[in-house]
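Data first, discussion second: the structure below is written as structure tokens.
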Amino acid sequence: MTDWKEPATRIDEFTNDILDFCESDYNLFLEMVQEREKFLTKNPQKYYLTPDAEEMAELRFNDYFIYSYTSKNYKRKPIELFISKMLYKYNQKDKEIIQGFKNNIFSGFTVSTVWPGSCFIAKDLSSGKEYKVRENQATFQLQKNDYFIGRILPYESDYALSGINLYLPDVPSYTAKRAWKDLPKEISKDIDPLMIEREILQRGVENENKRSNSQESIENIEKKLRNYLKKHLGKKAPSIKSLRKKVNRITDPTSLIKELVQKMHISSEEELIEFQQLFYDFWNNTPRDEFQGKSPEEINKGSMGPLEKELLKDFMKYVEENVDIKKFSNKEEIEKTIKELQGKWLNEPQEELNGKTPFQAMKEEREKINSPRKDFRFHLVLTL
């Protein structure tokens, strides 16, 4: 009779045996030390801000080294070496389990069905195949449509978790699902834990730091705009105070931008883009009477949910992939095409949203967080 509580405990025991073997082999141990630095970087504290985070990264490294890394000395994976040299120590049942580990699967998975305290069904996003994964404790936290990146190991007639997996909350999981699904199969096969650690975890920390450092104060934005206008208009440059008043009287910056561009006689496309971006920063960060002294940027931060922000990024990517600006003769045609794409994209069900359309998903999130947002606004700087 199958013991449903057995896999996690047994896999921990086997993992410790394999790690002991790696550390006892001089060549593997040296490679392990070198590869750990590559995996965790020379400065782990930069990316793993707590002892728990660093410990989890260490566990992910162990999983990577055992199953994904190929030894430079032996030209084989540590799990293969372990099987060839140490399998004789185990009984027949354990031998069959350990030998199955060679056929492990590392991928992005979604959870299709959960039986708490027993098992769950994991769908491989690369192949579309589904696997029954035996697990006890983790199934009490898992829910249908959860997403994780990790490894499952053949275990008797089913599968089991390798011990450490990267579970992602709803918002990053949407982006990760889309990214994984869009990968060509020949590339997705080559994705390993080292790539995930660098591209998702470590780069995520770097991007978050960049965002924090790039948030300029309204004072700095106004100073840049003032200097830019003085450079091009000299004494005729409008004051920031007068521009603030104009911004509070209008709802669309386009006419004011056109007015200033004509006065400055901007000739190159690069200068136009620079000025537009600068003015939009000013527009979005200037306090408004209609918002009780808050800026559009502050209002957006408070009313746009995290999923909606991810969907907005996805839509911008969708536009870039489907609109070739060079094929259009004027901005009106481009805007019309983008509007049509927006309608299609908003109302097309997505597997990554569990069959919902982006509009339905955003509507649900807005109701959940009490967001006042009603439509789906976005802004593109278009130049021809």
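Bear in mind these aren't lab numbers, they're just calculated from the coordinates by the rules spelled out. The structure displayed is predicted, hence computed values, not measured ones. In this analysis, Cβ positions are derived from the backbone assuming ideal geometry, glycine residues included, and neighbour counts consider all displayed protein chains.
The modelled label-to-label distance for the pair LYS245/LYS294, using points 7 Å beyond Cα in the direction of Cβ, is 2.7 nm.
Rounded to the nearest 20, the size of the Cβ-charge dipole of the range 6-209 about its Cα centre is 680 debye, with Lys and Arg at +1 and Asp and Glu at -1.
With loop defined by DSSP as not H, G, I, E or B, and exposure as at most 16 other Cβ atoms within 10 Å, which is the longest segment of the chain clear of exposed GluC sites (Glu not before Pro)? Don't skip to the end; give the middle numbers.
Numbers: sites that count: GLU156, GLU216, GLU290.
No qualifying site falls inside 1-155, the longest such stretch.
Simple spin-label estimate for VAL205 and THR9 gives 3.5 nm between the two label positions (7 Å along the Cα-to-Cβ direction from each Cα).
Give the calculated FRET efficiency between GLU274 and ASN347 to the nearest 0.05, with a Förster radius of 41 Å applied to their Cβ-Cβ distance. Write out the running numbers ahead of the final one.
Numbers: r = 36 Å, r/R0 = 0.88.
E(calc), rounded to 0.05, equals 0.70.
Length gain on complete extension for the stretch GLN34 to GLU219, per 0.36 nm per residue less the alpha carbon to alpha carbon distance? Mind dumping the intermediate values first?
Values: separation 185, 0.36 × 185 = 66.60 nm, distance 4.75 nm.
Gain on stretching GLN34 to GLU219: 61.9 nm.
Taking +1 at the Cβ of each Lys and Arg and -1 at the Cβ of each Asp and Glu, which of SER126, ILE369, SER71 sits farthest along the dipole of the chain towards its positive end, judged by Cα position relative to the Cα centre? Value computed over the given set: ILE369.
For every helix of n ≥ 4 consecutive DSSP H residues, a contribution of -39,500 (n - 2.57) applies; sum these over the chain, divide by its total residues, and give [θ] at 222 nm rounded to the nearest 500 deg cm²/dmol.
Working: 17 runs with 207 residues, N = 384.
It comes out at -17000 deg cm²/dmol, rounded to the nearest 500.
A Cβ-based charge dipole, computed about the Cα centre of the range 14-89 with Lys and Arg at +1 and Asp and Glu at -1, lands at about 400 debye.
Going from the residue with the fewest nearby Cβ atoms within 10 Å to the one with the most, LEU311, LEU49 rank LEU49, LEU311.
Full extension of the chain between GLN143 and LYS102 yields a length gain of 11.9 nm, computed as 0.36 nm times the residue separation minus the alpha carbon distance. Say the dipole of the chain comes from +1 at the beta carbon of Lys and Arg and -1 at that of Asp and Glu; which of ALA8, ASN220, THR357 then lies farthest toward its positive end? Comparing the listed Cα positions along the dipole, ASN220 ranks first.
Cross-link list LYS77/LYS132; LYS339/LYS368; LYS294/LYS317; LYS223/LYS336; LYS77/LYS356: which exceed 31 angstrom alpha carbon to alpha carbon?
Over 31 Å apart, Cα to Cα: LYS223/LYS336; LYS77/LYS356.
Could you compute the FRET efficiency for LEU59 and LYS235, with r as their C-beta to C-beta distance and R0 at 56 Å, rounded to 0.05? That pair, LEU59 with LYS235, gives E of 0.30. Take the Cα of SER329, step 7 Å toward its Cβ, do the same at ARG198, and the gap between the two points is 4.8 nm.
Could you give the dipole magnitude of the range 304-384 about its Cα centre, charging the beta-carbon of Lys and Arg +1 and that of Asp and Glu -1, in debye to the nearest 20? Mind dumping the intermediate values first?
Values: 16 positive and 17 negative charges, 60 e Å.
I would put it at about 280 debye.
For the range 240-296, which chymotrypsin sites (Phe, Trp or Tyr not before Pro) are in a loop by DSSP, counting at most 13 other Cβ atoms within 10 Å? Mind showing how you got there, number by number?
On the way: sites: PHE275, PHE279, TYR280, PHE282, TRP283, PHE291; in loops: PHE291.
Counting only loop positions with at most 13 other Cβ atoms within 10 Å, the chymotrypsin sites (Phe, Trp or Tyr not before Pro) in the range 240-296 are PHE291.
DSSP beta bridges confined to the chain are antiparallel in about 90 percent of cases.
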